[in-house]
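Quick note: the coordinates plus some simple rules give every number you see, no bench work behind them. Note that this is a predicted model, so its numbers are computed, not measured. Here the Cβ positions follow ideal geometry from the backbone for every residue, glycine too, while neighbour counts run over all protein chains shown.
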Amino acid sequence: MIFWQLFYTFCKIGIFNFGGGYAMIALIQNEVVFHHGWMTAQEFTDMVAVSQLTPGPVGINVATYAGYTAVVNAGFAPWLGVVGAFVASFAVVLLPFLVLLAVSEYLHRQKANPMIISILSFLRLAIVGVIAAAALQLVTPESFGTLSQNPFQVVCSCVLFLCAFLVSYRYKTSPILLIVVSGLLGFLLYF
């Protein structure tokens, strides 16, 4: 049944995710789009955009939306989609929460241990790579367009992406402001 598949899939995503919500996006996309086919790449791209606009951690928002969409796309009633959203959200935090409870006291006592420091240093580097991979997986024809069909959209998307990145990196601009300005520019350019 789809609810057990959702529970298992999002437990797996939750336990193997390092780096927070943005790092989780690549894992969720691999499972819900490519492995299970619960949604299309376009639906996933839209889901990530909506998840970034809604309050709360982006990883949990993506899991919630994915659970709902997977159940509704499987032909179930929308109210069962709400159950799917709850199952996916609960599953994605369940095992990390339990592991955190189990190891937090040990890590607190061992925080000066050179081996623990080294392991955490390497994990930080790996997390940057996973987040970069998640960002690159969102560079799709659904997000940026294709040169053969709409070169204007590709150029505008790339310029908007680079400007948002540079303004965020250089001036430490609020992500909320960047999202609002990018949304307005997208509306004006593509409407």
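Are there any trypsin sites (Lys or Arg not before Pro) in the stretch 102-191 that are in a DSSP loop and have at most 15 other Cβ atoms within 10 Å? List them by number.
On the way: sites: Arg109, Lys111, Arg124, Arg170, Lys172; in loops: Lys111, Lys172.
Passing sites in the stretch 102-191 are Lys111, Lys172.
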Efficiency of FRET from Cβ geometry, Gln42 and Phe161, R₀ 22 Å, rounded to 0.05: 0.75
Set of the stretch 165-191 residues, backbone N closer than 14 Å to the point 7 Å along the Cα-Cβ line of Phe152: 186-191
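Can you compute the helix-only [θ] at 222 nm over the chain? Use -39500 (n - 2.57) per DSSP H run of at least 4 residues, normalise by all residues, nearest 500 deg cm²/dmol.
-26000 deg cm²/dmol
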Axial C-alpha extent at least 15 Å, average Kyte-Doolittle at least 1.0 - helices from the chain (DSSP): 2-16, 78-109, 114-137, 151-171, 175-190
Relative contact order, percent, the chain [alpha-carbon distance under 8 Å, six or more residues apart]: 22
Mean shadow area of the stretch 94-191 over all directions, Cα convex hull, nm²: 9.7
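Could you work out the Rg to Rh ratio of the chain, with Rh taken as the Kirkwood radius (inverse of the mean 1/r over all Cα pairs)? Please report the intermediate quantities before stating the final value.
Details: Rg = 18.7 Å, Rh = 18.4 Å.
Expressed as Rg/Rh, it is 1.02.
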GNM result for the chain, Cα springs below 10 Å: residue of Thr54, Thr69, Thr173 fluctuating most strongly: Thr173
Proxy reagent accessibility, fewest Cβ within 10 Å first, across Met47, Met1: Met1, Met47
Residue among Phe161, Phe44, Phe86 with the largest mean-square fluctuation in a Gaussian network model of the chain, springs linking Cα atoms under 10 Å: Phe161
10 Å-binned pair-distance histogram of the stretch 2-110 (Cα, whole percent): 16, 48, 26, 8, 2, 0
Gained length - Val180 relative to Phe97, 0.36 nm times residue gap less alpha-carbon distance: 26.6 nm
